[in-house]
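Here is the structure we will look at.
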Amino acid sequence: QVQLVESGGGLVQAGGSLRLSCAASGRTFSRYAMGWFRQAPGKEREFVAAISWSGGSTNYADSVKGRFTISRDNAKNTVYLQMNSLRPEDTAVYYCAAESVRYPTERLTMYDYWGQGTQVTVSS
């Protein structure tokens, strides 16, 4: 199993950028595919992006394609979400997740472990 801790959230103006990080504990990080999800107030948690065990395959929600980039550094036990051209509708708590199948699925229920979340707020 793994433990995940997100960081890097904050307040940014529309059009700006943020980079989120997710640090994993232990030495089993590379066995898992990793995903990012987000949840806005009053809404259900939704898929944002995912990356395979090897880092060679990625999957993005249509709403963030061309703006967000997911990456991982297994040597550092860390996954990243680079967010550019941010919009007010990107405002949400962002969660990092890990799943043992090692496929970058968009299905929330497939993920085994979750971080505590980090707040991203985009102002107009």
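The values are calculated or read from the model by the stated rules, or taken from the named source; none is laboratory data. Quantities reported herein were computed from a predicted structural model and do not represent experimental measurements. We place every Cβ from the backbone using ideal geometry, glycine too, and count neighbours over all the protein chains shown. To get the accessible areas, we keep the full protein, side chains included, count just its heavy atoms, and leave off ligands, DNA and RNA. Shrake-Rupley method; radii C 1.70, N 1.55, O 1.52, S 1.80 Å.
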When the label point is put 7 Å from the Cα of Ser85 along its Cα-to-beta-carbon vector, which residues of the range 58-76 have a backbone N closer than 17 Å?
60-70
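If you roll a 1.4 Å probe over the heavy atoms of the protein chains, what accessible area per residue do you get for the chain, in Å²? Each step should come with its number before you reach the end.
Working: 6380 Å² over 124 residues.
The answer is 51 Å² per residue.
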Going 7 Å from the Cα of Gln116 in the Cα-to-Cβ direction, what parts of the range 7-46 have a backbone nitrogen less than 16 Å from that spot?
7-10, 21-25
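At a 1.4 Å probe radius, carbon and sulfur cover how many percent of the accessible area of the range 1-49?
Numbers: 1160 of 2650 Å².
Here carbon and sulfur together make up 44 percent of the probe-accessible area.
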